[in-house]
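Engineer: Here it is, the structure, as structure tokens.
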Protein chains: 2
Amino acid sequence: MKKSLEKQRHSLAHVLAKAILELNPNAEYAMGPAIENGFYYDFKNIDVSEKDFQEIEKKMKKIIEKDVPFKKKTLSKDEAKKIFKNQPFKLELLKDLDQKVSIYETGDFIDLCEGPHVKSTGDLNPESFKLDRTSGAYFKGSEKNEMLQRIYGLAFETEKDLNEYLENRKEAEKRDHRKIGKKQELFMFDEEVGQGLPLYLPKGAMLRKLLMDFAMETYLANGYEIVSTPHIANEDLWETSGHLKHYKKDMYGPLEVDGKKYRLKPMNCPFHVKMYNSKTRSYRELPKRWAEMGTVYRYEKSGELHGLTRPRAFTQDDAHIICRGDQLEEEVINALKITKYIYSTLGMENLIFKLSVRDPGKKEDYFGTDAEWEKAEKALEDALKSFGQDEYVRDEGEAAFYAPKIDIDAVDAMGRRWQLSTIQVDFNVTSRFKMTYINEKGDEETPFMIHRALLGSIERFLGVYIEHTGGEFPVWLAPVQAWIIPISEKQEEYAFEIKEKLRKNGIRVKVEGVNDTLSKAIRNGESQKIPYLLVVGDREKESGKVNVRFRGEKKGELKIEELIEEMDSS
Amino acid sequence: MKKSLEKQRHSLAHVLAKAILELNPNAEYAMGPAIENGFYYDFKNIDVSEKDFQEIEKKMKKIIEKDVPFKKKTLSKDEAKKIFKNQPFKLELLKDLDQKVSIYETGDFIDLCEGPHVKSTGDLNPESFKLDRTSGAYFKGSEKNEMLQRIYGLAFETEKDLNEYLENRKEAEKRDHRKIGKKQELFMFDEEVGQGLPLYLPKGAMLRKLLMDFAMETYLANGYEIVSTPHIANEDLWETSGHLKHYKKDMYGPLEVDGKKYRLKPMNCPFHVKMYNSKTRSYRELPKRWAEMGTVYRYEKSGELHGLTRPRAFTQDDAHIICRGDQLEEEVINALKITKYIYSTLGMENLIFKLSVRDPGKKEDYFGTDAEWEKAEKALEDALKSFGQDEYVRDEGEAAFYAPKIDIDAVDAMGRRWQLSTIQVDFNVTSRFKMTYINEKGDEETPFMIHRALLGSIERFLGVYIEHTGGEFPVWLAPVQAWIIPISEKQEEYAFEIKEKLRKNGIRVKVEGVNDTLSKAIRNGESQKIPYLLVVGDREKESGKVNVRFRGEKKGELKIEELIEEMDSS
């Protein structure tokens, strides 16, 4: 958040509290910070509903109009206690503070606060904020404390920004992938099957298959090889890998076979390592690039589950690149290139690159030698630069304990950021599993290993993508690309003839609407976001054509061959 | 087994026992039946190794030469006890018999036996049998009884049949899919991962993917839709489905999530049912044909595990067809057609069809009404006939408790039968899960459900197929279709150019053998069963051609375009 915007939001929180107190002098006020997209303030002894927002906003605007200055004062804790003698939450907050505390006065409203704030309420834009909603909230976020009422506000620099945010949010609600998933019959969940376990209905399963096929074909074309491994493994393996030590809380409970405990896999890496270690490897064989559409199972609290974006079972487009040190940079560049290609093909051009490196002050917290870290961090940094990505965020201390990484966020049509891709260098697993190769001199050496998942989780990506596109998928990804709609039963046979012709040309097509009126069938097709609606009446039947509508646009009559060509190129 | 052949094999078991007793009068003899491919006899007080086989066979041949008649006698149990007073196993066997027993005399050798036998040892062919091996075996197969020594013999009608069997067996040993899997680096197992859990190395994973893609494309082209479901489900689901009651011993132990027990799925059906039941269905929607490459987990005793043909994790090319009664026959015919198409495309033309129906004498053992059974059995039988498959085995009493089925065996290149495909009609699951549809009159009706898996288990099929082909896969299925072998480093760049050209045309190709002599590289490629070996020297580099070898056959120089055309059509 920009500092100036943060100051405005924080100041608006004070203005909100001042307004509430003016309207309700008995109110007790607790805490009110700036947050993403706005601010909030927590109160006791108020009973505010959304109906009251207009009145409160009016009061806030008046305070802004009056141009009341924010005055900072530093004073002793005892002085502060006197000031807040009727405000028990402030007294409670004071307990955690040093002897010298600071307060802000805005007219007769005084808050215990470090600031900073705008100079005066007149600096605030009365048109770029809006109260949003209320909720219950425990004091200081702890269930042990009292429940207060929180009032949320939205605030941006300009009215335009505010309206844009509101529109995006409205759009995002409309595009909720769970709603679209239900409407288009893409996927479902079932309590008897279990929480967080998606079942893909035909259209969703086709969408998922097309996406995975596209990703896997891209990897194969870029020198990757496909591998496939089981969904469970003996606990011995998870001991060796360190997962039972570091990752247990994310893993499902054990199941027994022949007295031995097995676990559902939360990751695919140990299996790929096993395959690498199944024979002696030479420097000449490297890099190995092994890709798997691997379905993993990770425990999420039931309260945190959210459709496809946060399920308990998901399939990663996972790959491990095992390479020599001198190949590291090129392999990372290659992965970055593929990422860009995949996301731009999918129509998500806006990517944000983040380089997570070691905290140089806490080297002891990380696994591996200085030399390894320097090599790997430099490889990632050089790769970003060689790739032409000079703009990236460098996060010191954000590396995994075992290695540095590049994470990539995709920005969706509503401006929301989603971390999807990750490219990580790993020193931990290579040494834990004693991976080696014979170098040019005939000596054993430890390879580097890159974990990379570019779509990340297919489920999460699909959830995001459904919202990004609003369920209007590119023609090549649309699970059903066309409906043929016969005007009456007389053209039904012709419709099925065309269907067969299109199907043989690899087009995913259905005959629909025979029992509906034409206008209803078209409305249905458009609401189901079927890209092509092909109406056939007597005239089309005679001329061997179809009347084409593409996403609401009338394209007129086309011969079947013309249609096939058009669809192939779209 | 043909009756006459069974008689011969059984008679040879007697001849074996007679020979053993002549060589070792202290031997005690227990049981000696005809079995598949031959016979065996169990003995105590002998110490026979394969070195002794020649001597025993000589003795057996002499008995045959002497033309000793088999004489059947019926006598009382007491008389029999006297005859076998020195043969404790025969006395033990007598205990289970009625008061009247029958014995067979062959000269001085007497056996407690129901027969039938050949008339005389002279009727046996001395050239068409062979002792095979020995093993330990418990008396009457029970661990509680004494361990005896079993001698196995092979026996066929003609010497030619015997030799053919021996050759096939030798070939089968050479083609053991576990050996080929290791040599070609197709798959592996790992103790730390767990028994019976295959890990597919790149070439095996590609082979598996190509096979599954072929199957799924075939299903989609035949009006199926793809679906996808999780690998685990709550025990509630397995209660409803009846699996926990009827199938528990084949299921893996439970695992806990949020205090609820989950199981790895042994079958995909309940998930498909859940999807069907997620909304009201109309008769117009039927049939639903839902296919899934579903990975299931089933417990097998560790002693019964055998490479890919008997693993603990396998992927079924599973589909469920939910249809009306009037659609049943057509749907079964459709499934039969697809089966034939798939197996003939894969080069396994020899299929054996088995219709398993209810035991009409034990109707009470089966689930469902008479009307349902009659309808379903007739549908299967009519389907076989309409399909033109008049030749099939009708097995009364072989139906599953919930429905009749058609099982299909494929016969491999060594003449071995493998049950792979199954097409089953199910009344159980439809009623257990209360599946319905609204019929034309607006009433609820229960649909029929067909389970069908045509390759069956991808793992098992691959195991069989690797042996059937000896690892020499059709070009379209070969995980690596071509190697480009540059004669020296000078042509390496050219080799990679060609590789890129071929790859872009969808050909799976590698550059290999740069560091080997040409003859060694060709030998390697042939031993790895790479269909096309493309040698490039200076001449080929200049003319823009490659020197082609196809499975050991020299095809001379071809332009790249010619090669692509040739490979596309093979």
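Engineer: For region B:177-223, name all the residues that are part of a helix (DSSP H, G or I) and of a type in the set (Gly, Ala, Ser).
Structural biologist: Listed by number, the residues that qualify are B:GLY181, B:GLY204, B:ALA205, B:ALA215, B:ALA221.
Conditions tested, residue by residue: (1) of a type in the set (Val, Ile, Thr); (2) open to solvent by 30 Å² or more (accessible area, probe 1.4 Å); (3) within 30 Å of A:GLU440 (Cβ to Cβ); (4) in contact with a Gly (Cβ under 8 Å, 6 or more places away or on another chain).
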| residue | (1), (2), (3), (4) |
| --- | --- |
| B:GLY470 | no, no, no, no |
| B:ALA482 | no, no, yes, no |
| B:ILE487 | yes, yes, yes, yes |
| B:GLY525 | no, no, yes, yes |
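Engineer: Report the residue count in region A:5-52 for those that are part of a helix (DSSP H, G or I), free of Cβ contacts under 8 Å to residues at least 60 places away in the same chain and over 19 Å from A:SER135 (Cβ atoms).
Structural biologist: Going through region A:5-52 one residue at a time, the tally reaches 3.
Engineer: Looking at (1) more than 10 Å from chain B (Cβ to nearest Cβ); (2) open to solvent by 30 Å² or more (accessible area, probe 1.4 Å); (3) under 26 Å from A:ILE438 (Cβ atoms), find the lone condition where A:VAL332 falls short.
Structural biologist: (2)
Engineer: Would you point out which residue out of B:SER120, B:SER128, B:SER102 is touching a Pro at 6+ places or on another chain (Cβ under 7 Å) and surrounded by 14 or more Cβ atoms within 10 Å (Cβ to Cβ)?
Structural biologist: Working: B:SER128 fails: touching a Pro at 6+ places or on another chain (Cβ under 7 Å); B:SER102 fails: touching a Pro at 6+ places or on another chain (Cβ under 7 Å).
Answer to the check: B:SER120.
Engineer: For region A:420-445, give me the residue count where each residue is in a loop (DSSP other than H, G, I, E, B), within 30 Å of B:ASN515 (Cα to Cα) and touching an Asp or Glu at 6+ places or on another chain (Cβ under 9 Å).
Structural biologist: Adding up the residues that qualify gives 2.
Engineer: Name the single residue, out of those in region B:72-99 being acidic (Asp, Glu) and in a helix (DSSP H, G or I), that is surrounded by the fewest Cβ atoms within 10 Å (Cβ to Cβ).
Structural biologist: Ranking the candidates gives B:ASP78 first.
Engineer: Among the residues of region B:419-446, write down those that are open to solvent by 40 Å² or more (accessible area, probe 1.4 Å), farther than 14 Å from B:TYR276 by Cβ and not charged (D, E, K, R).
Structural biologist: B:GLN419, B:GLY442
Engineer: Just wondering, is there one or more residues in region A:233-250 that are surrounded by 16 or more Cβ atoms within 10 Å (Cβ to Cβ) and under 30 Å from B:SER278 (Cα atoms)?
Structural biologist: no
Engineer: Kindly indicate whether B:LEU255 is hydrophobic (A, V, I, L, M, F, W, C), buried (at least 16 other Cβ atoms within 10 Å of the Cβ) and either at positive phi or in the same structural domain as B:HIS320 (by TED's automatic domain parsing) (or both).
Structural biologist: Answer is no for this residue.
Engineer: Out of curiosity, is A:ALA383 buried (at least 21 other Cβ atoms within 10 Å of the Cβ), on the phi < 0 side of the Ramachandran plot and either in contact with a strand residue (DSSP E or B) (Cβ under 6 Å, 6 or more places away or on another chain) or in contact (Cβ under 8 Å) with a residue 60 or more places away in the chain (or both)? Please lay out each step first, then the result.
Structural biologist: Working: buried (at least 21 other Cβ atoms within 10 Å of the Cβ): yes; on the phi < 0 side of the Ramachandran plot: yes; either in contact with a strand residue (DSSP E or B) (Cβ under 6 Å, 6 or more places away or on another chain) or in contact (Cβ under 8 Å) with a residue 60 or more places away in the chain (or both): no.
So A:ALA383 does not fit the description; no.
Engineer: Do any residues in region B:205-223 that are more than 8 Å from every other protein chain (Cβ to nearest Cβ) and farther than 13 Å from B:LEU455 by Cα have Cβ atoms under 8 Å from those of residues that are charged (D, E, K, R) and buried (at least 16 other Cβ atoms within 10 Å of the Cβ), where the two are at least six apart or on different chains, and which pairs are they?
Structural biologist: B:ASN222/B:ARG289; B:GLY223/B:ARG289
Engineer: Residue check, A:GLY456 against (1) touching a strand residue (DSSP E or B) at 6+ places or on another chain (Cβ under 6 Å); (2) part of a loop (DSSP other than H, G, I, E, B), all met but one. Which one?
Structural biologist: Unmet condition: (2).
Engineer: Now, a different point. Condition check: surrounded by fewer than 17 Cβ atoms within 10 Å (Cβ to Cβ) and within 30 Å of B:GLU440 (Cα to Cα). Does B:GLY303 satisfy that? Steps first, please.
Structural biologist: On the way: surrounded by fewer than 17 Cβ atoms within 10 Å (Cβ to Cβ): yes; within 30 Å of B:GLU440 (Cα to Cα): no.
Considered against the rule, which asks whether it is surrounded by fewer than 17 Cβ atoms within 10 Å (Cβ to Cβ) and within 30 Å of B:GLU440 (Cα to Cα), B:GLY303 comes out as no.
Engineer: So A:ILE321 clears everything in (1) in a helix (DSSP H, G or I); (2) in contact with a Lys or Arg (Cβ under 8 Å, 6 or more places away or on another chain) except one condition, right? Which one?
Structural biologist: A:ILE321 satisfies all of (1) in a helix (DSSP H, G or I); (2) in contact with a Lys or Arg (Cβ under 8 Å, 6 or more places away or on another chain) except (1).
Engineer: Moving on to the next point. Determine which member of the set A:LYS61, A:LYS2, A:LYS44 is exposed (fewer than 14 other Cβ atoms within 10 Å of the Cβ) and either over 22 Å from A:LEU93 (Cα atoms) or within 36 Å of the chain's Cα centre (by Cα) (or both).
Structural biologist: Just a single option satisfies the conditions, and that option is A:LYS2.
Engineer: Go through region A:173-203 and give me each residue that's more than 8 Å from chain B (Cβ to nearest Cβ) and open to solvent by less than 20 Å² (accessible area, probe 1.4 Å).
Structural biologist: Within region A:173-203, A:HIS177, A:ILE180, A:GLY181, A:GLN184, A:LEU186, A:PHE187, A:GLY196 meet the criteria.
Engineer: Something else: With respect to the numbered conditions (1) more than 7 Å from chain B (Cβ to nearest Cβ); (2) among the hydroxyl-bearing types (Ser, Thr, Tyr); (3) in contact with a strand residue (DSSP E or B) (Cβ under 6 Å, 6 or more places away or on another chain), which one is the sole condition not fulfilled by A:THR280?
Structural biologist: Only one criterion is unmet by A:THR280, namely (3).
Engineer: Something else about it: Could you list, ordered by first residue, the pairs with Cβ atoms under 8 Å in which the first is in region A:319-331 and among the polar types (S, T, N, Q) and the second is open to solvent by less than 20 Å² (accessible area, probe 1.4 Å), at least 6 apart or interchain?
Structural biologist: Final answer for the pair search is A:GLN327/A:LEU286.
Engineer: For region A:283-298, name all the residues that are at the interface with chain B (Cβ under 10 Å from one of its Cβ atoms) and either touching an Asp or Glu at 6+ places or on another chain (Cβ under 8 Å) or farther than 25 Å from A:MET216 by Cα (or both).
Structural biologist: A:LYS288, A:ARG289, A:TRP290, A:ALA291, A:GLU292, A:MET293
Engineer: Within the bounds of region A:65-79, is there any residue that is free of Cβ contacts under 8 Å to residues at least 12 places away in the same chain and of a type in the set (Asp, Glu)?
Structural biologist: The answer is yes, given that some residue of region A:65-79 is free of Cβ contacts under 8 Å to residues at least 12 places away in the same chain and of a type in the set (Asp, Glu).
Engineer: Next up: Name the pairs: first residue in region B:489-506 and at negative phi and open to solvent by 50 Å² or more (accessible area, probe 1.4 Å), second residue among the small types (Gly, Ala, Ser) and part of a helix (DSSP H, G or I), Cβ to Cβ under 8 Å, at least 6 apart or on different chains?
Structural biologist: Matching pairs, first to second residue: B:ARG503/A:ALA221.
Engineer: So which residues in region A:459-474 are closer than 26 Å to A:ARG503 by Cβ and either among the aromatic types (Phe, Trp, Tyr) or part of a loop (DSSP other than H, G, I, E, B) (or both), if there are any at all?
Structural biologist: A:TYR465, A:GLY471, A:GLU472, A:PHE473, A:PRO474
Engineer: Hey, can you tell me all the residues within region B:224-245 that are without any contact (Cβ under 8 Å) to a residue 60 or more places away in the chain and not aromatic (Phe, Trp, Tyr)?
Structural biologist: If the condition is that a residue be without any contact (Cβ under 8 Å) to a residue 60 or more places away in the chain and not aromatic (Phe, Trp, Tyr), then B:PRO230, B:ILE232, B:ALA233, B:ASN234, B:GLU235, B:ASP236, B:LEU237, B:GLU239, B:HIS243, B:LEU244, B:LYS245 are the ones that fit.
Engineer: Let me ask something else. Please specify each residue of region B:112-125 satisfying the condition of being farther than 14 Å from B:PRO69 by Cβ and either of a type in the set (D, E, K, R) or part of a strand (DSSP E or B) (or both).
Structural biologist: B:LEU112, B:GLU114
Engineer: Can you tell me which residue within region B:224-275, out of those that are part of a helix (DSSP H, G or I) and under 26 Å from the mean Cα position of the chain (by Cα), is nearest to the other protein chains (Cβ to nearest Cβ)? Outline the logic, then answer.
Structural biologist: Restricting attention to region B:224-275, the residues satisfying the condition of being part of a helix (DSSP H, G or I) are B:235-241, B:243-246, B:248-250, B:269-275.
Adding the requirement that they be under 26 Å from the mean Cα position of the chain (by Cα) leaves B:243, B:246, B:248-250, B:269-270.
Values: B:HIS243: 13, B:HIS246: 18, B:LYS248: 13, B:LYS249: 12, B:ASP250: 12, B:CYS269: 13, B:PRO270: 8 Å.
Filtering region B:224-275 for residues that are part of a helix (DSSP H, G or I) and under 26 Å from the mean Cα position of the chain (by Cα), the one nearest to the other protein chains (Cβ to nearest Cβ) comes out as B:PRO270.
The values are calculated or read from the model by the stated rules, or taken from the named source; none is laboratory data. Just so we're clear, the structure is a prediction, and the values are computed from it rather than from any experiment. Every residue, glycine among them, receives a Cβ derived from its backbone with ideal geometry; neighbour counts consider all protein chains shown. Heads up: the accessible areas ignore ligands, DNA and RNA and are worked out on the full protein's heavy atoms, side chains in. Shrake-Rupley method; radii C 1.70, N 1.55, O 1.52, S 1.80 Å.
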